[in-house]
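Contents: one structure, followed by commentary.
The values are calculated or read from the model by the stated rules, or taken from the named source; none is laboratory data. Predicted model, so just to flag it, every value in this text is computed and none were measured. All Cβ positions, even for glycine, are placed from backbone atoms using ideal geometry, and neighbour counts span all protein chains on display.
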Amino acid sequence: MDKPFDNRAWLLVLPVLAFVLFSALLPMMTVVNYSVQDTMGANNFFWNGDAWFREVLNPATEMGARFQGALMRNLAFSFVALLIEVPLGVGIALCLPRGGWSVGPILVVLALPMLIPWNVVGTMWQIFARADIGLFGAALTGMGLHYNDTQEPISAWSTIVVIDVWHWTSLVVLLSYAGLRAISDAYYQAARIDAASRWAIFVNIELPKLRKVLVIAILLRFMQTFMIYTEPFVVTGGGPGNATTFLSIDLVKIALGQVDLGVAAAMSLAYNLITITLCWIFYTIMTQQDRRGAA
Amino acid sequence: MNRGGVLPKVFLALYLLALMLPVYWLINMSLRTNEDIMSGLALWPHHPTFQKYLVIFRDPTWVHAFGVSLTYVAINTVISVVVALPAAYAFNRYRFVGDKHLFFWLLTNLMAPASIYAMPFFNLYYAVGLFDTVWAVALAHCLFNVPLAVWILEGFIGGVPREIDETAAIDGYSFPRFFIRIFLPLIANGVGVTAFFCFMFSWVEQLLATTLTATTALPFAAVMTRSYSASGMDWSLLAAAGVLTMIPGAVVIWFVRNHIARGFALGRV
């Protein structure tokens, strides 16, 4: 890396730091504060040390088992959603026209699902997925599938995946498309002179140039799927049983439903730390190649 | 990129169609009465009615809330993009003490579940006297939008060769002039995408927006909860509100479409 070392660059970063610190610092401290205390109600808090953390992270306890179950369900969900959305998103971006009148309307259609507030997304799919009055449910039942998203775990789980793919693949598409358009024409001309195949252009020119954008898309989608709340809450309510009880849903159930602020705060910190660790691992692996490429 | 051929076009058309079906269903629902929606499957509204849209347009609370949401989202988008641009440049072009840690710390703010931050945010903004103003929501949304903007812009700045910076310096451009006149047009794709994403994430965020406001700065999303009432769910009202919420974002992406699709050409410098 031949980046010049210059601490004056801090001056360019300061405004960002000010804005983010203002919103991040105090709330984070409050949550940490809750996680080490217990309450008997009426704003009486007492020191509880690391007991909540021990309980949450030990799968032998009831809370721990619950946390682990939600964590596993959530990881499986994130993995499947990413596996569909990233290749599909890049594929669609490659199919988009390079310019012309159709770009505008296509971008608008792509953006529409993301612009609907999440509670409305849940509500519309609640109707859309019903076999009696919704198109999606009726179509699946019509094809002879045994589909019921409120009674059947597999239907419920796959409905949430379908909703997520419908809702968020456009994010990958938009990022990839902007990334593809930022590639200089000189590369394509060179490839044409070499008579490179379409696949060779994709692997040798487009994919490497897209790497940074794809890191963003993958990490962002991972974070969002890992924190998914509104859609399963509205569509399946975490059920049937606990098939779609992902981490956030469980967390809110504990924090609000059972007014267990301490254990909920400990759980959310553990959850937050797991998210950060996983993202850090992804981030390091994916940017490692960057460094090697630049060296 | 697509250089002709029928197969990509067919694939794209099918995908867009699948994307539009639920959106169509939302519009369909918004034009039917609740009894009609619950009574059976209808591929198109047999007795279309704009009644629920009129309910929204005639109620000053809905109209006011729509304006409030637009205001804080616009403030947030402008702040996010403007402060993120120089920072993204710094992260991409220089090394400085703590740069990598700072960058990753910024990203960690995207990973915080908003639900757990709602109460502390309420306390914070109440204490500084911003509670129930559009600024409270605009600033709170900076928590995730500023890091997101820095991150996306950094990726796009990395695609611009450093030689351009050096050439401009030799040609006697001052840094601000170089940044605005030469550099910004080169990363127009990134700026367009970033602005849209900031707009979108601030627009659909509901939890913080409702927690930080009471009456004067009530966002559209909070008014929407009126459709869940004791007498049951008002499906068509919620659908009509949902259809209306898609419009501002669609307008935004329409305006930045040329930036997003802009090809990279050094010739413009």
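Quick notes on this one:
- Residue count for segment B:92-107, restricted to those that are part of a helix (DSSP H, G or I), at the interface with chain A (Cβ under 7 Å from one of its Cβ atoms) and among the aromatic types (F, W, Y): 1.
- Subset of segment A:1-54 [surrounded by fewer than 12 Cβ atoms within 10 Å (Cβ to Cβ), more than 24 Å from B:L110 (Cβ to Cβ) and at pLDDT below 80]: A:M1, A:D2, A:M40, A:G41, A:A42, A:N43, A:N44, A:F46, A:W47, A:G49, A:D50
- Among the criteria (1) surrounded by 17 or more Cβ atoms within 10 Å (Cβ to Cβ); (2) over 24 Å from B:L207 (Cβ atoms), the one A:Q151 does not fulfil is (1).
- Count of residues meeting criterion [under 25 Å from A:V103 (Cα atoms) and either modelled with pLDDT of 90 or more or buried (at least 23 other Cβ atoms within 10 Å of the Cβ) (or both)] in segment B:159-203: 18
- Pairs, first facing another protein chain (nearest Cβ under 7 Å) in segment A:5-17, second surrounded by fewer than 21 Cβ atoms within 10 Å (Cβ to Cβ) and assigned to a helix (DSSP H, G or I), C-beta under 8 Å, six or more apart: A:A9/B:R93; A:A9/B:D99; A:V13/B:L102
Yes/no per residue for (1) more than 19 Å from the chain's Cα centre (by Cα); (2) of a type in the set (D, E, K, R); (3) surrounded by fewer than 20 Cβ atoms within 10 Å (Cβ to Cβ); (4) more than 8 Å from chain A (Cβ to nearest Cβ):
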{"position": "B:V6", "(1), (2), (3), (4)": "yes, no, yes, yes"}
{"position": "B:A13", "(1), (2), (3), (4)": "yes, no, yes, yes"}
{"position": "B:M20", "(1), (2), (3), (4)": "yes, no, yes, no"}
{"position": "B:L26", "(1), (2), (3), (4)": "yes, no, no, no"}
{"position": "B:E35", "(1), (2), (3), (4)": "yes, yes, yes, yes"}
{"position": "B:M38", "(1), (2), (3), (4)": "yes, no, yes, no"}
{"position": "B:L43", "(1), (2), (3), (4)": "yes, no, yes, no"}
{"position": "B:Y53", "(1), (2), (3), (4)": "yes, no, yes, yes"}
{"position": "B:I75", "(1), (2), (3), (4)": "no, no, yes, yes"}
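- If the condition is being part of a helix (DSSP H, G or I), surrounded by fewer than 20 Cβ atoms within 10 Å (Cβ to Cβ) and facing chain B (nearest Cβ under 9 Å), then segment A:176-205 contributes A:D185, A:A186, A:Y188, A:R198.
- Meets criteria (in contact (Cβ under 8 Å) with a residue 24 or more places away in the chain, of a type outside the set (A, V, I, L, M) and either in contact with a Cys (Cβ under 7 Å, 6 or more places away or on another chain) or within 14 Å of A:S23 (Cα to Cα) (or both)) for B:T77: yes
- Being touching a residue at least 12 places away in the same chain (Cβ under 8 Å), touching a strand residue (DSSP E or B) at 6+ places or on another chain (Cβ under 8 Å), closer than 21 Å to A:V215 by Cβ and not acidic (D, E) holds for only one residue in B:G159, B:G155, and it is B:G159.
- A single entry from A:A131, A:A139, A:A111 fulfils the requirement of being outside any loop (DSSP other than H, G, I, E, B) and more than 30 Å from B:H259 (Cβ to Cβ): A:A139.
- Residues considered: A:V90, A:V121. Of these, the only one that is over 18 Å from B:I27 (Cα atoms) and either within 19 Å of the chain's Cα centre (by Cα) or more than 7 Å from chain B (Cβ to nearest Cβ) (or both) is A:V90.
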